[in-house]
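K.L.:
Before I ask anything, let me first share the structure, which is written out below as structure tokens.
Please treat every number below as a calculation from the coordinates, not as lab data. Predicted model only: the values in this text are computed from it and were never measured. As a convention, Cβ positions derive from the backbone with ideal geometry for all residues, glycine included, and neighbour counts pool all protein chains shown.
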Amino acid sequence: MRRLVSLVAKRKVREIEHVLNNQVELNEEKLKSILKKNSSTLYGRMHKFDTISTPEQYAESVPLTDAKSMQPWIEKVHRNPTGGVLTSEDVIWYLMTSGTTGKPKKLPITRSGLKDTKTGSMYGWMSYMTCEPGNDRIVDGTMVTIGAPAEIERINGIPVGYATGFYMTRQNKIFQRLVRPGMDVFNMTDNEAKMWIYAKLIASSKTTVVQGIATLGLALLRRIQNEYGPALLQEFRGTKHEDRIKSALNDDGTMNLGTLCSSTGFRRLDLQVFRPRQNQEYNS
């Protein structure tokens, strides 16, 4: 699998270099294409997209905004997802935010938006895999993804769900084979049970990446470090994983993540920056 993915990554290097060497030009091209495509929308007509040809004109015509001021527009999209409110394309999904800064938002995405996001994500992964020797080893192990349900409700027939679940359902088959666990765990709503499943997966597999919802990923690693050690040892007693878990378990019941993952190629994560919060409960 590493050989196949590395081959794909090397083929994308030229594309990535082109993007990096022409950032201004490509961003201006993208802006113009978005303005042209959406000039007939309600938002586009209000801000006169058809008269904008430079980033400076865009900055003058379209003021900086925030989620609160955009909410009336989002609500219009919710009422009429095919009405050309913000985009000329139909809305295919609403992505839930985590609500870190307030009430979770339900943001519309189109097929073009999905394509752009997947391209950007692919460039990010390919860049990482080719920037340093050995980075491609991440595909030799388990890429643990902290995910949430792709669909939790619908608004006028359009699904609403979390980005991690939504994007996973639209990844190519090669990438889906690399990622664990599957959508059955993503769709779980019992977060305590979900965290335990993730902990067992990390303790019993060659984990090379923990990705997805960053806050939950950090909370998971902290729980493995401070809470789950004795339970994991009991869970895997008598299995091939027992010795590794036992060697990572400290006398006070805490677990050394570096030891637990030392043979997996897992990048060491410095959790010291989160030390002041180590005794707090994670409401995940």
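K.L.:
Hey, what do the phi angles of region 242-250 turn into as Karplus ³J(HN,Hα) couplings, whole Hz, using 6.51/-1.76/1.60 and θ = phi - 60°, x for Gly and Pro?
P.N.:
Coupling constants for region 242-250: 4, 5, 5, 5, 5, 5, 8, 8, 7 Hz.
K.L.:
Using amide H atoms built 1.01 Å from N in the peptide plane, name the residues 5+ places from I146, or on other chains, whose amide H lies under 5 Å from its own.
P.N.:
It is Q211, G212, I213, by chain and number.
K.L.:
Please give every one of the lysines within straight-line cross-link reach of K32, meaning a C-alpha to C-alpha distance under 29 Å, and leave out same-chain neighbours fewer than 8 residues apart.
P.N.:
K12, K48, K68, K76, K105, K106, K115, K118
K.L.:
Now for a different question. Can you give the net charge of the other residues whose Cβ lies under 11 Å from the Cβ of R237, counting K and R as +1 and D and E as -1?
P.N.:
-2
K.L.:
Next question. Peptides 17-29, 142-154: what's the order by average Cβ count within 10 Å, highest mean first?
P.N.:
Taking the mean over residues of other Cβ atoms within 10 Å, the ranking is 142-154, 17-29.
K.L.:
Whose amide H sits under 5 Å from the amide H of I155, counting only residues 5 or more places off or on another chain, with H placed in the peptide plane?
P.N.:
Correct list: V160.
K.L.:
Follow-up question, since we're still on this one. Which value, in nm² and rounded to one decimal, describes the direction-averaged projected area of the C-alpha convex hull of region 2-112?
P.N.:
9.6 nm²
K.L.:
Please give the FRET efficiency for T82 paired with M183, using the beta carbon to beta carbon distance and R0 = 35 Å, rounded to the nearest 0.05.
P.N.:
After rounding to 0.05, the efficiency reads 0.80.
K.L.:
Relative contact order for region 2-112 using alpha-carbon pairs under 8 Å, separation at least 6, rounded to a whole percent?
P.N.:
Averaging sequence separation for qualifying contacts and normalising by length gives 17 percent for region 2-112.
K.L.:
Give the Rg/Rh ratio for the chain, taking Rg as the radius of gyration of the Cα atoms and Rh as the Kirkwood radius, to two decimals.
P.N.:
Rounded to two decimals, Rg/Rh equals 1.03.
K.L.:
In nanometres, what is the gap between the two model label sites at D90 and S33, each 7 Å from Cα along Cα-to-Cβ?
P.N.:
Here the answer is 2.3 nm between the modelled labels.
K.L.:
Using the Cβ atoms and a cut-off under 13 Å, what net charge is assigned to the surroundings of T119, where Lys and Arg are +1 and Asp and Glu are -1?
P.N.:
Result for the local shell: +4.
K.L.:
So for the pair E192, D251, with labels modelled 7 Å out along Cα→Cβ, what separation do we get in nm?
P.N.:
Each label point is offset 7 Å from its Cα along the Cβ direction, giving 3.2 nm.
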